[in-house]
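Enquirer: I'd like to ask some things about the structure below.
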Amino acid sequence: MGNKQKEQKPQKSASDQLFETIFEFKMQAKELAKQSKKSEREKEVMFQKVEKAIAENKPEAAKLYAQDAIRKRNEAVKYEVLSYKIHAVHSKLKSAYQTQKLNENMSKMVTSMSGALNSMDLVKISENMSQFEKIFDDLDANAQLMDKAMDNIDAGSYQDRDVSNLIMQVAKQRNIELQKEFDEIKSNHDPVAVEKAIEKESVHSSSN
């Protein structure tokens, strides 16, 4: 007797596959939100290490930890912004799909975005988001405000003054007096920026 052929599952239609891909956007938005919170927690760990380095009068160690803290802080912002925007686009795509207004160009972009999301390639995700926003030019004002939050943010970049500001911020928040080893850092910080950062951290902490 010949081998029985395995029953093949009916292939999903292109429309069904597209709908599932759109649904994945919602899940990926949640994943990016988790990544944002993870980066935020890692930033707090770096803050603690900066505090310890200050207490031990180790300015060079404090600078290194401050650099890591800035990188994690910027990562958290990027993940949060992308999460919000992807969720907003998901809602628009879902509505377009349900009302049969999803054109071929949108469908191709959905597939392209799916690949970027699966690989968590932030550069490609951002590029795809820009294209989506050109199509959905009526994305709510909040999405446009979120864009401003990402202006000039590079997760891996920072300036010497940014590092000094963060060290001063930690010292002020923990009521630690900086010793003479930190004179260079004290002379290189921006007092206004430090106060704004402290205020922002306070608001963020109270909202969580």
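Enquirer: Tell me which of these GLN8 doesn't satisfy, since it passes every other one: (1) surrounded by 11 or more Cβ atoms within 10 Å (Cβ to Cβ); (2) at pLDDT below 75.
Expert: (1)
Enquirer: Which number in (1) in a loop (DSSP other than H, G, I, E, B); (2) of a type in the set (Gly, Ala, Ser); (3) modelled with pLDDT of 80 or more marks the one condition that ALA155 misses?
Expert: Result: ALA155 passes all but (3).
Enquirer: Could I ask something else about it? Name the one entry in LYS26, LYS38 that is assigned to a helix (DSSP H, G or I), more than 18 Å from ALA197 (Cβ to Cβ), modelled with pLDDT of 90 or more and not hydroxyl-bearing (Ser, Thr, Tyr).
Expert: One residue alone meets the criteria, LYS38.
Enquirer: Conditions: (1) at pLDDT 70 or above; (2) in contact with a helix residue (DSSP H, G or I) (Cβ under 9 Å, 6 or more places away or on another chain); (3) of a type in the set (Lys, Arg). LYS101 meets all but one. Number of the miss?
Expert: Going through (1) at pLDDT 70 or above; (2) in contact with a helix residue (DSSP H, G or I) (Cβ under 9 Å, 6 or more places away or on another chain); (3) of a type in the set (Lys, Arg) one by one, LYS101 breaks only (1).
The values are calculated or read from the model by the stated rules, or taken from the named source; none is laboratory data. Computed from a prediction, not measured in an experiment: that's the story for all the values here. Note that each Cβ is placed from the backbone with ideal geometry, even for glycine, and that neighbours are counted across all protein chains shown.
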